[in-house]
Amino acid sequence: MASQEMEQLVRREYKQGFVTDIESDTAPPGLNEDVIRFISAKKEEPQWMLDWRLAAFEQWKTMAEPDWAHVDFPQVDFQAVSYYSAPKSSEDRPKSLDEVDPKLLETYEKLGIPLHERAALAGVAMDMVFDSVSVTTTFKEQLGEAGVIFCSISEAIREYPDLIKQYLGSVVPVADNFYTALNSAVFSDGSFVFVPKGVTCPMELSTYFRINAENTGQFERTLIICEDNAQVSYLEGCTAPMRDENQLHAAVVELVALENADIKYSTVQNWYPGDEEGKGGIYNFVTKRGECRGDNSKISWTQVETGSAVTWKYPSCVLKGKNSVGEFYSVAVTNNMQQADTGTKMIHIGEGSRSTIISKGISAGRSDQSYRGLVKILPGAKGARNFTQCDSLLIGDQCGAHTFPYQEIGNSTAQVEHEATTSKIGEDQLFYCRQRGISEEDAVNMIVNGFCKDVFKELPMEFAVEAEALLNVSLEGAVG
Amino acid sequence: MLEVKDLRVSVEDKEILKGLNLTINPGEVHAIMGPNGAGKSTLSAVIAGRDGYEVTGGSITFEGEDVLDMEIEDRARAGLLLGFQYPVEIPGVKNVYLLKAALNAKREHLGLPEIEAPEFMKLVREKLQFMKMDSSFLHRSVNEGFSGGEKKRNEILQMLILEPKLALLDEIDSGLDIDALKVVSEGVNSLRDAGRSIVMVTHYQRLLDYIVPDHIHVLSDGKIIKSGDKSLALELEKRGYDWVIEEAAQ
């Protein structure tokens, strides 16, 4: 479609305020106001949301990509990227597992993913996946009874505009960085969670249950709000390998914890890392931040990062409330040509706020990995405490591990501890295990999982088991 | 059971073993002694399959099979187990987990199913008690923060559970106080069996007071230069190694 026609189409439909039937399901490559109008119209958004996006776009145009991370990749041509493509219709998808790439199914098998989930993950048309549909329905009823809102962000924009207006961009400002401005302009979808006062969410919320809102990975936008005395545990991603035709990913996640609220956010990220030469892998530039606004509130990030060609990600906590608690538990694995610059920021504002950082980095192949962490304690954060431990494990002698800890301590009553180790997966450890009859592959898995134990124990049980299996698959062939 | 013939081994182009011969029959306990740098640890490392040693000549067979052609784990599964001089620490991996994985690897090799949890725990408790080890050992990371004595006890505990055909004990007595030495020795003695052979590499006569060998060999400059029965140890204790070396040179 010629761009002129496209423009007309978008304009015309925008005038109508909503779109029911657009011929094209994909925006042409490039980013301009029209594309943003197109996305907003596709999502049937109100005017204020479009204005918000357009303002973000204006800001983005004045910004430059960050270049301080310890990663190296060819410049992204942002005008060559397509910023919207609708979910595939049922006809375009595989009708059953028989039509799915056997290699993908083999990996599901290794990861121990239940049969009925495999179909959904492989993109088999929804009406073929009865189990998931019924699960989702029961699940929604239970949440509704508890008063928890869990829906796509697009739905929330339409149904709960006041909450969105109040909270969206309140933790991660639009112009926080180049990628947040981009995301704010073009975000396609994501999750919205609202847990009202005094409610403990009756189940762990998983993006998996939102499978009908898939293909949102590219510019995902997630917002989770926990009111006073509320609690929620949210699981993002899954261990199954996620392939995507879109190379550029820039998600934004915002968490808000009010008084005594408790948010636990667990991620398993397994985007396509590219081939052994690193070709075709995903660029994952994510901004995740949680704000402990209320006293005694708590936000805990746990992440297992195994995918993507390039990762740039620092889930952070702003500890405003008195005695608020921030936690960051991370396992990052890089193999082959993967690069990751990841870590966290703990910003202590409230008196008596505490934070814990446990980071485990595993590098194999020719990959390169950095931990980058900031602990900032403001003058008002009397008695604040932080404990940081970051350990790196190297497999082979062609990979790299780096640590960039930053500390800014603004008062003398604060206590900050930092421990760091780098070790090579010992020939000695491997020899010892093998000399007990354990195969080399099992020995590597055993040693690596032992190394990550402190983080895995923070994951919800089921996730932890999957994460271990995932680690094993990710490091297949890393030794020997 | 184990037959080492004219074994020549180099490390970084330096020849360490220079035509070593050794025959171990089932049920026998052998001690290999010798001055520092004679090649004692090299011998056990090569038998177990550690990297970094180049075999330039000779052969090692275990129950008729060419050991040098086997992967490290296959040697272990076949029943050839090394007790380490310096057992390595593996953070985050529980002792009990390593034990179970090792035992199941052996059982798989023998065509047996994985051991049932209750049966395994019963076996482990029994052996722990024998080695005078607290059950908390099981839930500590492998060798992490263990004292020298605890590490060596742990090595023997693994032997008791894995029941090798040939136990190769490298300086199992180093770093042990007298109480720990007694416990470790009792463990080793309990392994003695008509079907099982034990080879101890040691510096000290002291160990041989507790574990009495059938045969003693003196290893010097890459070769076994003298073999004898247990009385040889006493003579070495009294007179040192020089006379043996001189005798061999003549």
Completion exercise
Once accessible area is computed for B alone, A alone and the pair with a 1.4 Å probe, the total buried surface, to the nearest 100 Å², works out to 2100 Å²
Practice task
In nm, give the distance between the simple-model label positions of residue A:406 and residue B:247, each being 7 Å from the Cα along the Cα-to-Cβ direction.
Solution key: 7.4 nm
Problem - Distance histogram in 10 Å bins (all Cα pairs of the protein assembly as shown, percent per bin) - result: 3, 13, 20, 20, 15, 11, 9, 6, 2, 1, 0
Handout entry: Fraction of beta bridges assigned by DSSP in the protein assembly as shown that are antiparallel (%, nearest 5)
Key = 20 percent
Completion exercise
Computed, not fitted: 222 nm per-residue ellipticity of chain B from DSSP H runs ≥ 4 (each -39500 (n - 2.57)), nearest 500, equal to -11500 deg cm²/dmol
Practice task
Report the net charge of residues surrounding residue A:318, where surrounding means a beta-carbon distance below 9 angstrom and charges are Lys +1, Arg +1, Asp -1, Glu -1.
Solution key: +3
Problem - Mean-position separation - Cα centroids, the range B:201-250 and the range B:1-80, in angstrom - result: 19 Å
Exercise for the section: Quick one: dipole size for the protein assembly as shown, taken about the Cα centre, charges +1 on Lys/Arg Cβ and -1 on Asp/Glu Cβ, in debye to the nearest 20. Expected result: 1780 debye
Completion exercise
The percentage of the accessible area of chain B (probe 1.4 Å, all protein chains present) made up of carbon and sulfur atoms, to the nearest whole number, is 46 percent
Problem - Sum of side-chain charges, residue A:386 neighbourhood, beta-carbon under 9 Å (Lys, Arg +1; Asp, Glu -1) - result: +1
Handout entry: Environment charge of residue B:21, counting only residues whose C-beta is closer than 13 Å and scoring Lys/Arg +1, Asp/Glu -1
Key = +3
Practice task
Take each complete run of DSSP H in chain B, measure how far its Cα atoms stretch along the helix's own axis, and keep only those covering 18 Å or more with mean Kyte-Doolittle hydropathy at least 0.5; list them.
Solution key: B:178-191
Handout entry: ³J(HN,Hα) computed for each position of the range B:63-71 - Karplus, 6.51 cos²θ - 1.76 cosθ + 1.60, integer Hz, glycine/proline x
Key = 6, x, 9, 6, 4, 5, 8, 9, 5
Practice task
Obtain the nm distance between the two label points defined at residue A:397 and residue B:15 by a simple spin-label model: each point lies 7 Å from its Cα along the Cα-to-C-beta direction.
Solution key: 2.7 nm
Fill in the blank from the handout: chain B, Gaussian network, Cα under 10 Å: of B:15, B:116, B:108, the residue fluctuating most is B:116
Problem - residue B:17 long-range amide H proximity, modeled H, under 5 Å - result: B:9
Exercise for the section: Could you compute the FRET efficiency for residue A:197 and residue A:417, with r as their C-beta to C-beta distance and R0 at 30 Å, rounded to 0.05? Expected result: 0.25
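The values are calculated or read from the model by the stated rules, or taken from the named source; none is laboratory data. Quick caveat, the model's predicted, so the values are computed rather than measured. Cβ sites come from the backbone with ideal geometry, for glycine too, and all protein chains shown count toward neighbours. Surface accessibility is based on the protein's heavy atoms, side chains included, excluding ligands, DNA and RNA. Shrake-Rupley method; radii C 1.70, N 1.55, O 1.52, S 1.80 Å.
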